[in-house]
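Here the structure comes first, spelled out in structure tokens, and everything after it is commentary.
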Amino acid sequence: MTIKQQGAALTQLILWLLVLVNTAGLGCYYYLNYIKVQQIPNMVGTWSGENVTVSDEKGYKVWGVKTVTITEQQDRRFRGTFTYPDGTKNFFGVIYPDNKSFTWVSTPSKGFNHGRILDDNTIGACYVEAYEAATAGCATLTRQ
């Protein structure tokens, strides 16, 4: 084999290695993204914990146990009800693509509930409302 043929064979080998590495890299990328999509947390269940708030109107307040029941979930979207001392409300929400953060809203409410999935059976949920009835409050909720 001549030096010219050896150089061409080496170039061809390097090109095939690059194709192989590129193909393996793309395969890993798509596999990891597929697995990531499949790991959307299941939020269905009954969650409860102590609710604490602060506002001008009511000051620092401990509301007692707040119960949240997520009745259904489709992919990142979910809906349910929450019960607190003033009654029960329906809500619906979404889990963000980080699979940790979520937001839910209720039609009669003027604020938003932002939360974080802390582990499979614990979430932190914080309600904020602006304007005249400005309020901020959080509850650490465990799955029952």
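The values are calculated or read from the model by the stated rules, or taken from the named source; none is laboratory data. Everything quoted here is computed from the prediction, not taken from an experiment. Because the Cβ atoms are built from the backbone with ideal geometry, glycine has one as well, and the counts that use them run over all protein chains shown.
Pairs needed: first member in the range 112-138, closer than 24 Å to Asp98 by Cβ and free of Cβ contacts under 8 Å to residues at least 60 places away in the same chain; second member anywhere, assigned to a strand (DSSP E or B) and among the charged types (D, E, K, R); C-beta distance under 7 Å; at least 6 residues apart or different chains.
Asn121/Arg143; Gly124/Arg116
Taking the conditions exactly as written (hydroxyl-bearing (Ser, Thr, Tyr), more than 19 Å from Phe112 (Cα to Cα) and modelled with pLDDT of 90 or more), does Thr69 satisfy them or not?
no
Give the residue, chosen from Asp56, Asp75, that is assigned by TED's automatic domain parsing to the domain that holds Ala139 and either under 11 Å from the mean Cα position of the chain (by Cα) or more than 21 Å from Ala133 (Cβ to Cβ) (or both).
One residue alone meets the criteria, Asp75.
Exactly one condition in (1) of a type in the set (A, V, I, L, M); (2) under 25 Å from Thr142 (Cα atoms); (3) at pLDDT 75 or above is not met by Ile14; state its number.
(2)
Which one of the conditions (1) of a type in the set (Ser, Thr, Tyr); (2) surrounded by 12 or more Cβ atoms within 10 Å (Cβ to Cβ); (3) at pLDDT below 95 does Tyr29 fail to meet, given that it meets all the rest?
The failed condition is (2).
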